[in-house]
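J.: My questions will all concern the structure given below.
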Amino acid sequence: MDLDSPKTCDEIAALLEGQLLGAPNLTIYRLNRIEYAQPGDLTFYANKKYQSFLKNTKATCILVPKGFKDKQPSQNQTFIEVENPYNSFLKLLVLNDTYYQNFNSFIHPTAIVGEGSFIDPTVYLGPLVVVGKNCYIGKNTKIMPNVTLYDNVKIGENCLIHSNVVCYHKTIIGNNCIIHAGAIIGSDGFGFVENKDGSYTKIPQLGNVIIGNNVEIGANTTIDRAIVGSTIIEDGVKIDNLVQIAHNVHIGENTAMAAQVGISGSTKIGKRNRLAGQVGIAGHIELADDVVLEAKSGVPKSITESGVYFGAPPQKKIEAFKILLSQNELPQLIVEFKKLKALLKDKFGLEI
């Protein structure tokens, strides 16, 4: 990644409050991963499993932990000692994440704004954006091309809504949210009554979706509106791509979930939960605060205690792994059991 403007190693050391080891005036043009870094790049070393890359890297500058002794800077190379190289590298990423700052207040001529909608003067509306009636868009929010907002949608301040997002009517989004391309907020929940003849009657979905502050929603994720009331995503929740959240779900603050998680209707997820990839959760159950579910876990009933769980149905992680290890021994145990069974029959005439 190119820096907004080239910086010398001593400038970066001062910015990160780090200790410079090597030439101070070498110029850095880019940030890069250690295995791909070239001259002019800055990278970081924080994990010994990357030691082979450290040995051979061509990076001009490397962020290393304080007291680092594994290697000395080579010619035309500088180290910067910092408390946490990874966090310091992230700080540089944040400082150079300026692309969307260039989208100043602007409404593209092809954007359509419905009657009664309020668009703050600082808002950016890209090409072919459609804003329905009686919507509200707060200060410094950026709405990228082809976004569609149905009627009565409210979006707070400093939000970034990427292309092809659709927000159905009455959706409410807080401040400082990011919604990635293709996400659908407020689509109808999967609600039907099965009739005696096997056909289905649709249940009207008359509620909405409420999203708190500082929420990020991944690309092509879907969050269904409630039947009545609201599907609620509390403050600080982070949702990956391709996640399905059904109607009337309530997700507690600072919960995070990875790709392909599926949450069935009317389930309540506690605060600070961590749901790994492809976790599936049944409907009408509750998860306590501080629950961690490992990848591919399937949850058919409520989890009432915090902890790390794995499996379908999930168990505490240590117990679940013990069971998996025991299953690996089953083929040999079966062989031994058959031998024992034959021996008992031959020696003592016992049938098992």
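Just so you know, all these numbers are worked out from the coordinates, no wet-lab data involved. Remember, it's a predicted structure, so these values are computed and weren't measured experimentally. Glycine gets a Cβ as well: all are built from the backbone with ideal geometry, and neighbour counts include every protein chain shown.
J.: Rounded if a/c is under 1.5, else prolate if a/b is larger than b/c, else oblate: which is segment 2-97, with a ≥ b ≥ c the root eigenvalues of its Cα gyration tensor?
T.: Values: a/c = 1.27, a/b = 1.25, b/c = 1.02.
Rounded shape, in that the Cα axes give a/c under 1.5.
J.: Next question. Work through the residues other than E35 whose Cβ is under 12 Å from its Cβ and net out their charges, Lys, Arg +1 and Asp, Glu -1. Mind showing how you got there, number by number?
T.: Numbers: positive: R33, K49, K55, K58; negative: D41.
Taking every Cβ under 12 Å from that of E35, the sum is +3.
J.: F190 versus S326, label points 7 Å from Cα toward the beta carbon: distance in nm?
T.: 3.3 nm
J.: Which of the lysines could a cross-linker bridge to K338, judged by Cα under 18 Å and excluding same-chain residues fewer than eight apart?
T.: Result set, ordered by chain and number: K347.
J.: For segment 192-246, compute the orientation-averaged projected area of the C-alpha convex hull (one quarter of its surface), in nm². Please list the in-between numbers first.
T.: On the way: hull surface 18.1 nm².
The number I arrive at for segment 192-246 is 4.5 nm².
J.: Given 0.36 nm per residue, what is the gain on full extension from D4 to K301 after removing their alpha carbon distance, in nm? Walk me through the intermediate numbers first.
T.: Working: separation 297, 0.36 × 297 = 106.92 nm, distance 5.06 nm.
My answer for the length gained is 101.9 nm.
J.: Same structure again: Which whole-Hz couplings ³J(HN,Hα) result when phi for each residue of segment 163-173 is put into the Karplus expression 6.51 cos²θ - 1.76 cosθ + 1.60, θ = phi - 60°, listed in order with x for Gly and Pro?
T.: 4, 6, 6, 10, 10, 5, 4, 6, 5, 10, 10
J.: Now for a different question. Provide the FRET efficiency to the nearest 0.05 for the Q51-L90 pair, computing r from the beta carbons and using R0 = 25 Å.
T.: On the way: r = 21 Å, r/R0 = 0.85.
Calculated value: 0.70.
J.: If packing is taken as the mean number of other Cβ atoms within 10 Å per residue, what is the order of 172-179, 334-341, highest first?
T.: With the highest mean Cβ count within 10 Å placed first, the list reads 172-179, 334-341.
J.: Would you look at the GNM of the chain, springs on alpha carbons closer than 10 Å, and say which of G116, G265, G218 moves the most?
T.: Ranking G116, G265, G218 by mean-square fluctuation puts G116 first.
J.: For the pair K69/D97, report the inter-label distance in nm, with labels modelled 7 Å from Cα in the Cβ direction.
T.: With each label placed 7 Å out from Cα toward Cβ, I get 3.7 nm.
J.: Could I ask something else about it? What net charge is computed for the residues neighbouring T171, neighbours being all others with C-beta under 12 Å from the C-beta of T171, Lys and Arg scored +1, Asp and Glu -1? Display every interim value, and only then the final one.
T.: Numbers: positive: K154, K170, R225; negative: D151, D224.
Net of charged neighbours comes to +1.
J.: Could you list which residues have their amide H under 5 Å from that of V291, counting only those 5 or more apart in sequence or on another chain, with H placed in the peptide plane?
T.: Hits under the 5 Å cutoff: N273, R274, G307.
J.: In addition: Below 8 Å between Cα atoms, with a sequence gap of 6+, how large is the relative contact order for segment 2-97 in percent? Please list the in-between numbers first.
T.: On the way: 181 pairs, mean separation 27.2, N = 96.
RCO, segment 2-97: 28 percent.
J.: Among A183, A14, A295, which one shows the highest mean-square fluctuation when the chain is modelled as a Gaussian network with alpha-carbon springs under 10 Å?
T.: For the chain, modelled as a Gaussian network with Cα springs under 10 Å, the answer is A14.
J.: Given a cut-off of under 8 Å on Cα pairs at least six residues apart, what relative contact order in percent is computed for the chain?
T.: Numbers: 946 pairs, mean separation 21.4, N = 352.
Relative contact order for the chain comes out at 6 percent.
J.: Which FRET efficiency, nearest 0.05, do D346 and K316 yield, Cβ-Cβ r, R0 30 Å?
T.: Numbers: r = 43 Å, r/R0 = 1.44.
It comes out at approximately 0.10.
J.: Of (i) 1.13; (ii) 1.00; (iii) 1.18, which is the value of Rg/Rh (Cα atoms, Kirkwood Rh) derived from the coordinates here?
T.: Derived directly from the coordinates: (i).
J.: Next question, about the same structure. Using the Cβ atoms and a cut-off under 12 Å, what net charge is assigned to the surroundings of Y136, where Lys and Arg are +1 and Asp and Glu are -1? Intermediate values should be presented prior to the final figure.
T.: Values: positive: K133, K139, K154, K170; negative: D120, D151, E157.
Net charge around Y136: +1.
J.: Straight-line reach from K341: which aspartates and glutamates have a Cα under 17 Å away, not including same-chain ones fewer than 8 places off?
T.: Within the straight-line cut-off, K341 pairs with E351.
J.: For a 28 Å ceiling on Cα separation, which of these pairs sit above it: K202/K301; K91/K139; K55/K296?
T.: K55/K296
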